[in-house]
Every structure is written in structure tokens, then in C-alpha cells.
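Contents: one structure, followed by commentary.
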Amino acid sequence: QVQLVESGGGLVQAGGSLRLSCAASGRTFSRYAMGWFRQAPGKERELVAAITWNAGFTYYADSVKGRCTISRDNVKNTVYLQMNSLKPEDTAVYYCAARSYTVVVDTTLWDFWGQGTQVTVSS
């Protein structure tokens, strides 16, 4: 079992930056792939970025490539999402998720979820 707690969301102007953090409980954090998803009002939840258990592979949605960086610290049991050059269309609730070892795009195949943190980008 993994419990996830996100932090770092907030209100930012377009062009600004935010760093989201997701703290995980449990001794086996290093065995899990971690992902950041987002869900805007009226839209489906989508995978934004993900990283494998050993950080050997990272995935980014086309909409955030070049603007976001996912990283993890397996000592601190934390995964981060650095978001730069934010746009109003990045406004959403951002969720952290975990699954064993590998990254998949399918939202339904992720096992553990955090409560989410709101990111609002004003124009």
C-alpha cells in the first residue's frame, strides 16, 4: 500500500513556474513508477508526466514537453513536477499516482492516487 500526498499547487500568472511535490509513504517507494496526471473541469484525467522506478525512463505529454520536468528522490520518497512557462490551459487539479515499476498512459492501470492539488494559471 502506498499513500500519496501532493503539495505545491496554487495560483500563478501565465509564464510563471510552479513545483509540485508528492510525498509517498511506505518502504517500497523505489519499486514504483510515479506519474503526474491532471484533470480540468469537464475533461478526462490525462497523464502529464511519468517516471519509472529507477528514473531510467520519463514520459511527457506533448502539451507539456519542454516546459515540465519530472524527477524523483528515492531517499526522500518524493516525486516532483517542475512546471515552467505555465499557460492558462494548464489549469487543472494535478494528481500524483503510483504503479509497480513501469509507466503506462492508461489512467485505469495506476494503482494508488493522491488527493490532488489545484493549479490555476491566470492570463
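The values are calculated or read from the model by the stated rules, or taken from the named source; none is laboratory data. Nothing here was measured: the structure is a model prediction, and the numbers come from that model. Cβ sites come from the backbone with ideal geometry, for glycine too, and all protein chains shown count toward neighbours. Ligands, DNA and RNA are stripped out before the accessible areas are found, and what is left, the full protein with its side chains, is counted by its heavy atoms. Shrake-Rupley method; radii C 1.70, N 1.55, O 1.52, S 1.80 Å.
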Worksheet entry | Solvent-accessible area, 1.4 Å probe, carbon plus sulfur percent, for the chain | 48
Fill in: Å² of accessible area per residue within the chain, as computed with a 1.4 Å probe and no ligands counted
52
Discussion item. I need the calculated FRET efficiency for the pair T28 and K87, taking r as the beta carbon distance and R₀ as 41 Å, to the nearest 0.05.
Written reply: 0.70
Worksheet, complete the sentence: In the neighbourhood of F37 defined by beta carbon distances under 12 Å, the net charge of the other residues (Lys, Arg +1; Asp, Glu -1) is 0
Worksheet entry | Charge sum, other residues only, whose C-beta stays under 12 Å from Y94's C-beta, Lys/Arg counted +1 and Asp/Glu -1 | 0
Worksheet, complete the sentence: Of all trypsin sites (Lys or Arg not before Pro) in the stretch 47-112, the ones in DSSP coil with at most 15 other Cβ atoms within 10 Å are K65, R67, K76
Worksheet item: Counting other Cβ atoms within 10 Å of each Cβ, which GluC sites (Glu not before Pro) in the stretch 13-122 have at most 13 and sit in a DSSP loop?
Response: E44
Discussion item. Run the reach check for K87 against aspartates and glutamates, Cα to Cα strictly under 18 Å, same-chain hits fewer than 8 apart removed. What comes back?
Written reply: E46, D62
Worksheet, complete the sentence: Restricting to aspartates and glutamates and to Cα separations under 17 Å from K76, and discarding same-chain partners fewer than 8 apart, the set is E6
Response to the item:
Between the alpha carbon centres of the stretch 92-112 and the stretch 42-87 the gap in Å comes to 11
